[in-house]
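In what follows, a single structure is set out as structure tokens and then discussed.
The values are calculated or read from the model by the stated rules, or taken from the named source; none is laboratory data. All values reported here derive from a predicted model rather than from experimental measurement. Every residue, glycine as well, gets a Cβ built from its backbone with ideal geometry; the counts of neighbours run over all protein chains shown. Accessible surface is based on the protein model in full, side chains and every heavy atom, while ligands, DNA and RNA are left aside. Shrake-Rupley method; radii C 1.70, N 1.55, O 1.52, S 1.80 Å.
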Amino acid sequence: MRQIKIGILGLGVVGSGTVRILQENAEAISQRVGAELVIKKIAVRTLDKKRDVDVDPALLTDNSFEVIDDPEIDILAELVGGVDPCHGFLHRAIQNGKNIVTANKELMAKSGHDLLDAAMAAQKDFFLEGSVAGGIPIIAALKESLAGNNIREVMGIVNGTTNYILTRMTEEGADFTPTLADAQRLGYAEADPTSDVDGHDAAYKLAILSSLAFNSTVNEDKVARQGIRHIQARDIAVARDLGYKIKLIASAQCHPDGRMQARVHPALLPNKHPLASVNDVFNAVLVRGDAVGDVMFYGRGAGSMPTGSAVVGDLIACARNILSNATGRVGCTCHLTRPMLPSEQVQSKFYVRLHAMDKPKVLASIANVYGDFDVSIESVVQRALPSDEAEIVWVTHKSREHHLLGALDVISRLPAVSKVYNWIRVEE
């Protein structure tokens with residue numbers, strides 16, 4: 001049986017899962033491919049480190065170029081992460097005639113387009129399934145299975161850490177800070193949680209998804225982003241009373257005029273929304289196409305084995321293409337240059353929670369300010385507090401964000417208003 005030789009950069013969480021799957025499922029993989037997938041070399045930072053998978057020490061090297069420049073290697077799997085030096089590594093590997101598999105979301109979101117172009121020019125495969133939503137097969141679905149659709153919208157929960165935190169806050173009534181500490185203790189959040197809780201990780205993934213969905217390059221810096229640090233237990237409780245759950249949503253739309261929008265932010269979702277029931281570390285992506293309608297992909301969005309599953313799936317697809325002399329068959333699909341809708345023109349419904357004096361005409365004075373800024377009110381709920389104040393919760397009709405923020409700036413300075421506690425978008 002023919003051998004397809006694989007080189008791997010990185011033997012961390014994803015690399016270990018990839019190697020374990022290749023080892024444990026070797027016979028089944030060989031039967032499905034019609035060739036044996038053989039690991040030729042693995043580049044690691046430290047040779048004598050204890051690892052989560054048993055590997056022949058002879059396969060390891062601390063020199064990445066021994067893998068990148070090895071003429072016998074057919075497929076390079078980059079599982080290191082980050083932009084530098086991986087961007088240069090992959091360019092060199094493509095120039096050396098290698099097919100590429102990567103799980104590097106940051107690289108692809110920030111500067112991946114030229115790598116895809118280089119691979120297409122060289123007629124080499126460039127697979128990236130593992131870069132978004134772990135084991136969920138969303139990349140191949142957008143590039144192939146749903147290719148006959150005009151995709152109108154992609155919306156998802158694509159960060160397991162924030163979803164775990166918001167789920168625990170919902171179920172236990174806890175605030176953000178202690179819940180984050182608990183997630184860190186359990187290993188669901190990093191010691192530095194910035195990338196997750198401030199929305200960077202989800203923005204990387206949304207940049208990739210929206211580029212594929214709308215066939216136009218979207219870099220990470222074009223994704224509007226807001227994290228979850230400001231979400232309070234009281235907001236989650238009020239949302240529950242109103243029939244909503246709060247989730248960190250990655251959302252992108254392509255409007256009829258061709259303009260796109262892409263944003264990551266917390267949102268109130270109605271309990272009946274298909275993403276509202278996605279809990280803990282699970283991810284889900286909802287795709288809306290003109291022909292297929294709504295399709296949702298659900299599963300584990302991170303971890304050694306789920307993401308390793310995505311990487312091995314790409315290795316198998318690439319090996320099959322090598323056997324058929326068909327590498328580069330599905331290249332970069334971002335052939336359009338769609339403009340982004342300016343953020344000030346994006347409209348959304350909003351939830352606003354504030355405390356104000358519980359006396360006549362206060363509600364009307366606040367409503368008048370909303371009207372001055374062209375913000376229309378859908379509903380208002382007032383709850384008396386033990387003091388002489390009241391908690392007032394507003395849900396607006398669709399409004400522009402800068403109109404809402406202008407109104408809240410004025411409202412926060414009204415003598416009768418003690419504090420505007422939060423505002424959060426509402427998705428339907």
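Listed values, structure above:
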quantity	calculated
Test set (1) touching a helix residue (DSSP H, G or I) at 6+ places or on another chain (Cβ under 8 Å); (2) surrounded by fewer than 21 Cβ atoms within 10 Å (Cβ to Cβ); (3) without any contact (Cβ under 8 Å) to a residue 60 or more places away in the chain; (4) over 13 Å from E106 (Cα atoms) - H200 fails condition number	(4)
Filter result (crowded, with 21+ Cβ neighbours inside 10 Å and closer than 18 Å to L269 by Cα) within segment 169-196	M169
Matching entry among V80, V55, V13, V44 (being touching a Gly at 6+ places or on another chain (Cβ under 6 Å) and farther than 26 Å from L323 by Cα)	V80
Residues that are surrounded by fewer than 21 Cβ atoms within 10 Å (Cβ to Cβ), under 14 Å from the mean Cα position of the chain (by Cα) and hydrophobic (A, V, I, L, M, F, W, C), drawn from segment 282-300	F282, L286, F297
Among the candidates N163, N149, residue that is surrounded by fewer than 23 Cβ atoms within 10 Å (Cβ to Cβ) and either in contact with an Asp or Glu (Cβ under 9 Å, 6 or more places away or on another chain) or modelled with pLDDT of 95 or more (or both)	N149
Pair list, Cβ under 8 Å, 6 or more apart: segment 260-272 residue over 11 Å from A202 (Cα atoms) and surrounded by fewer than 24 Cβ atoms within 10 Å (Cβ to Cβ), other residue of a type in the set (K, R) and modelled with pLDDT under 95	M260/R338
Qualifying residue in segment 30-40 (condition: open to solvent by less than 10 Å² (accessible area, probe 1.4 Å), in contact with a strand residue (DSSP E or B) (Cβ under 9 Å, 6 or more places away or on another chain) and outside any loop (DSSP other than H, G, I, E, B))	no
Entirely in segment 190-300, the strands (runs of 3 or more DSSP E) that have 2 or more residues that are of a type outside the set (K, R) and under 26 Å from V420 (Cα atoms)	244-254, 260-270
Residue satisfying all of: in segment 344-365; touching an Asp or Glu at 6+ places or on another chain (Cβ under 9 Å), open to solvent by 60 Å² or more (accessible area, probe 1.4 Å) and part of a loop (DSSP other than H, G, I, E, B); farthest from R234 (Cα to Cα) among these	K359
E106 being surrounded by fewer than 18 Cβ atoms within 10 Å (Cβ to Cβ) and either at pLDDT below 95 or of a type in the set (D, E) (or both)	no
Segment 335-358, residues that are in contact (Cβ under 8 Å) with a residue 60 or more places away in the chain and closer than 21 Å to H255 by Cα	H335, L336, T337, R338, P339, M340, L341, S343, V346, S348, K349, F350
Contacts under 6 angstrom Cβ, first residue in segment 119-137 being at pLDDT below 95, partner open to solvent by 40 Å² or more (accessible area, probe 1.4 Å), 6 or more apart	G134/R300; G134/A302; G135/R300; G135/S309
Count of segment 330-343 residues which are open to solvent by 70 Å² or more (accessible area, probe 1.4 Å) and either in contact with a Cys (Cβ under 6 Å, 6 or more places away or on another chain) or within 16 Å of D117 (Cβ to Cβ) (or both)	2
Residues satisfying the stated conditions in segment 372-428, i.e. among the acidic types (D, E), part of a helix (DSSP H, G or I) and closer than 27 Å to N271 by Cβ	E401
